[in-house]
Amino acid sequence: MQWEGALFSGSEGGAESWAILASLINTAKLHKLDPQAYLVDVLERIVSGQTKSHQLHELLPWNWKAAREFSARVAA
């Protein structure tokens, strides 16, 4: 069961981090995204500075998916 990690996270901060990660993964799944591909791309954009702090809303799963679909249509 995926929520077991929160029970054994070691601290309140660890449990909060686990809850955030689980929420992102499940939201990606709900939007029919590959969670690993989504998280890799989002983390690369944040770490590289490609996405600025005031643009983080663009990385939410529903916005990320829409941007990818738009890019695919433009490229075709």
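Summary table
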{"item": "Only one of Ala22, Ala28 that is touching a Gly at 6+ places or on another chain (Cβ under 9 Å), without any contact (Cβ under 8 Å) to a residue 40 or more places away in the chain and either not in a loop (DSSP other than H, G, I, E, B) or not acidic (Asp, Glu) (or both)", "result": "Ala22"}
{"item": "Residues (open to solvent by 60 Å² or more (accessible area, probe 1.4 Å) and over 22 Å from Trp62 (Cβ atoms)) located in segment 10-34", "result": "Gly10, Ser11, Glu12, Glu16, Ser17, Trp18"}
{"item": "Segment 56-66: number of residues that are in contact with a helix residue (DSSP H, G or I) (Cβ under 7 Å, 6 or more places away or on another chain) and aliphatic (A, V, I, L, M)", "result": "1"}
{"item": "Tally, over segment 31-69, of residues that are among the basic types (Lys, Arg) and assigned to a helix (DSSP H, G or I)", "result": "3"}
{"item": "Selection within segment 57-76 - open to solvent by 80 Å² or more (accessible area, probe 1.4 Å) and closer than 20 Å to Ile25 by Cα", "result": "His57, Glu58, Trp62, Arg68, Glu69"}
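The values are calculated or read from the model by the stated rules, or taken from the named source; none is laboratory data. Fair warning: this is a prediction, and the values are worked out from it, not measured in the lab. Glycine gets a Cβ as well: all are built from the backbone with ideal geometry, and neighbour counts include every protein chain shown. Just so you know, the surface numbers come from the protein's heavy atoms only, side chains and all, with ligands and any DNA or RNA stripped out. Shrake-Rupley method; radii C 1.70, N 1.55, O 1.52, S 1.80 Å.
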